Amino acid sequence: MNYIFFDLDGTLHQQDMLEAYLKFMIRIRPVWTVLSFPILLGCFLFYLLFSKKTWGLNPLFFMIHFGLFRKKQIRLIQAFKTEFLDEVQPVNSMLKQMKQHIQAGDYVVIISGSLQSLIETVYPQLTKHKKIKVIGSQTQPFLGSTILTSRCSGRNKLRLLDEQFSPEKIKFEVGYTDSLADLPVLKRCKWAYLVNENGKITLVN
């Protein structure tokens, strides 16, 4: 059995799901956004300076979710799902490619910087498929809000991958992504491809 790596954002669909979710949360809570705007602005600037780090996003993430009870968060995530699915632009050629890999008996591993909980909500058909494993960023409650505990990006994708399949280190037959930021994972691929916005692929190695 071959293992196949797929990124999600920019590869299986064009949008950045985490970015879309953060924008949705800011827009859906207008009163809170206005009242906390100076703090949110500072958090956003902090994120721009440390965008590659988990803790670089956490002040903004904390502020956006502050004061939300779990049931309210679940309702908002369901509302986000409806809006996102109405607007999302799937990369049909890559969805077809993934389907062909599964039909050939391959095991697909989707590793995404988007939140694991969001992916599970928006795409339950992926997370419940017996031939697909989804790995995403992790969160936990914290002081009346929510924070990221692990951001699935860069080298962290590789660490989270190995944690899921420990003690076996997975090597992929083929990998697909839209960004060389996934180079640590691509180095585990026998054949690695970059995907452009039109779904065309270019061989990396």
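Here is a check on your reading of the model: is V134 in contact with a Leu (Cβ under 6 Å, 6 or more places away or on another chain), buried (at least 19 other Cβ atoms within 10 Å of the Cβ), at pLDDT 95 or above and assigned to a strand (DSSP E or B)?
yes
Quick grid of which residues meet (1) in a helix (DSSP H, G or I); (2) at positive phi; (3) at pLDDT 85 or above; (4) surrounded by fewer than 17 Cβ atoms within 10 Å (Cβ to Cβ):
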position	(1), (2), (3), (4)
L18	yes, no, yes, no
W32	yes, no, no, no
I39	yes, no, no, yes
F44	yes, no, no, yes
G67	no, yes, yes, yes
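For the range 79-100, how many residues are part of a helix (DSSP H, G or I) and either open to solvent by less than 20 Å² (accessible area, probe 1.4 Å) or among the aromatic types (F, W, Y) (or both)? Explain how you work it out, then say what you get.
Here is the first cut: in the range 79-100, the ones part of a helix (DSSP H, G or I) are 79-87, 92-100.
With the extra rule that they be either open to solvent by less than 20 Å² (accessible area, probe 1.4 Å) or among the aromatic types (F, W, Y) (or both), the set shrinks to 80, 84, 94, 98.
The qualifying residues number 4.
Restricting the search to the range 189-200, which residues are modelled with pLDDT of 95 or more and open to solvent by 40 Å² or more (accessible area, probe 1.4 Å)? I'd like the intermediate steps shown before the answer.
First, pick out the residues of the range 189-200 that are modelled with pLDDT of 95 or more: 189-195.
Once the filter is applied, which keeps residues that are modelled with pLDDT of 95 or more and open to solvent by 40 Å² or more (accessible area, probe 1.4 Å), the range 189-200 yields K190, W191, Y193, L194.
Scan the range 153-162 and tell me whether some residue there is more than 21 Å from Y123 (Cβ to Cβ), outside any helix (DSSP H, G or I) and at pLDDT 95 or above.
no
The values are calculated or read from the model by the stated rules, or taken from the named source; none is laboratory data. Remember, predicted model here, so these are calculated numbers, not experimental data. Neighbour counts are summed over all protein chains in view; Cβ atoms, including those assigned to glycine, are modelled from backbone coordinates with ideal geometry. We work out accessible area using only protein heavy atoms, side chains counted, and drop any ligands, DNA or RNA first. Shrake-Rupley method; radii C 1.70, N 1.55, O 1.52, S 1.80 Å.
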